[in-house]
1. Within the bounds of the stretch 21-28, is there any residue that is touching a Phe, Trp or Tyr at 6+ places or on another chain (Cβ under 9 Å), without any contact (Cβ under 8 Å) to a residue 60 or more places away in the chain and either buried (at least 20 other Cβ atoms within 10 Å of the Cβ) or not in a strand (DSSP E or B) (or both)?
2. How many residues are of a type in the set (A, V, I, L, M, F, W, C) and surrounded by 13 or more Cβ atoms within 10 Å (Cβ to Cβ) when one looks only at the stretch 1-13?
3. When you scan the stretch 50-70, do you find a residue that is without any contact (Cβ under 8 Å) to a residue 60 or more places away in the chain, of a type in the set (Val, Ile, Thr), surrounded by 13 or more Cβ atoms within 10 Å (Cβ to Cβ) and part of a strand (DSSP E or B), even just one?
4. Quick check on the stretch 30-38. Is at least one of its residues assigned to a loop (DSSP other than H, G, I, E, B), touching a Lys or Arg at 6+ places or on another chain (Cβ under 8 Å) and within 19 Å of Met1 (Cα to Cα)?
5. Go through the stretch 33-84 and report how many residues are among the hydroxyl-bearing types (Ser, Thr, Tyr) and more than 17 Å from Phe19 (Cβ to Cβ).
6. Looking at the stretch 37-55, is at least one residue aliphatic (A, V, I, L, M) and either at pLDDT below 95 or out of contact with any strand residue (DSSP E or B) (no Cβ under 9 Å at 6 or more places or on another chain) (or both)?
Amino acid sequence: MNVRQMTSPRSHNAVANQFIINDNNGNQYFQSYRSLIVKKCADGRIFLDENTWDYSRTTGKYRNEFLGENTAETRKKIKSGEYILTDLNSKAVA
């Protein structure tokens with residue numbers, strides 16, 4: 001498992017409490033503070049935590065950076081079923 005802090009797009013300094021995690025199975029996660037926000041599976045599927053994906057302005061800013069899109073695009077992908085809302089934080093994430 002590899003964990004790294006995200007960096008600010010402006011200053012390129014490490015941002016406190018915002019992390020990208022790569023597991024040994026090729027999956028990548030965005031974590032804000034102690035909550036998983038996004039899981040990008042090695043097979044291309046993307047899961048968003050149903051409770052925290054749009055928790056705050058800061059979470060949204062770095063989630064957008066992680067996904068490479070804005071919140072409106074994320075909402076459209078949730079509505080279309082391209083992104084799957086699930087509980088990433090209270091059960092084992094496989």
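The values are calculated or read from the model by the stated rules, or taken from the named source; none is laboratory data. Note that the structure is predicted; figures quoted are calculated from it, not measured. Because the Cβ atoms are built from the backbone with ideal geometry, glycine has one as well, and the counts that use them run over all protein chains shown.
1. If we filter the stretch 21-28 for residues that are touching a Phe, Trp or Tyr at 6+ places or on another chain (Cβ under 9 Å), which is where we start, we get 21-23, 28.
Filter once more, keeping what is without any contact (Cβ under 8 Å) to a residue 60 or more places away in the chain: 21-23, 28.
Narrowing further to those that are either buried (at least 20 other Cβ atoms within 10 Å of the Cβ) or not in a strand (DSSP E or B) (or both): 23.
Within the stretch 21-28, one or more residues are touching a Phe, Trp or Tyr at 6+ places or on another chain (Cβ under 9 Å), without any contact (Cβ under 8 Å) to a residue 60 or more places away in the chain and either buried (at least 20 other Cβ atoms within 10 Å of the Cβ) or not in a strand (DSSP E or B) (or both).
2. Taking the stretch 1-13 and keeping what is of a type in the set (A, V, I, L, M, F, W, C), we get 1, 3, 6.
Checking which are surrounded by 13 or more Cβ atoms within 10 Å (Cβ to Cβ) leaves us with 6.
Summing the residues that are of a type in the set (A, V, I, L, M, F, W, C) and surrounded by 13 or more Cβ atoms within 10 Å (Cβ to Cβ) in the stretch 1-13 gives 1.
3. Just the residues of the stretch 50-70 that are without any contact (Cβ under 8 Å) to a residue 60 or more places away in the chain, to begin with: 50-65, 67-70.
Narrowing further to those that are of a type in the set (Val, Ile, Thr): 52, 58-59.
Remaining after also requiring surrounded by 13 or more Cβ atoms within 10 Å (Cβ to Cβ): 52, 58-59.
So of that shortlist, the ones also part of a strand (DSSP E or B) come out as none.
Within the stretch 50-70, not a single residue is without any contact (Cβ under 8 Å) to a residue 60 or more places away in the chain, of a type in the set (Val, Ile, Thr), surrounded by 13 or more Cβ atoms within 10 Å (Cβ to Cβ) and part of a strand (DSSP E or B).
4. The answer is no, given that none of the residues of the stretch 30-38 is assigned to a loop (DSSP other than H, G, I, E, B), touching a Lys or Arg at 6+ places or on another chain (Cβ under 8 Å) and within 19 Å of Met1 (Cα to Cα).
5. Quick first cut of the stretch 33-84, residues among the hydroxyl-bearing types (Ser, Thr, Tyr) only: 33, 35, 52, 55-56, 58-59, 62, 71, 74, 80, 83.
Filter once more, keeping what is more than 17 Å from Phe19 (Cβ to Cβ): 71, 74, 80, 83.
Total satisfying the criteria: 4.
6. Our first condition is that a residue be aliphatic (A, V, I, L, M); within the stretch 37-55, this holds for 37-38, 42, 46, 48.
In the following step, the residues that additionally are either at pLDDT below 95 or out of contact with any strand residue (DSSP E or B) (no Cβ under 9 Å at 6 or more places or on another chain) (or both) were identified as none.
No - not one qualifying residue is present in the stretch 37-55.
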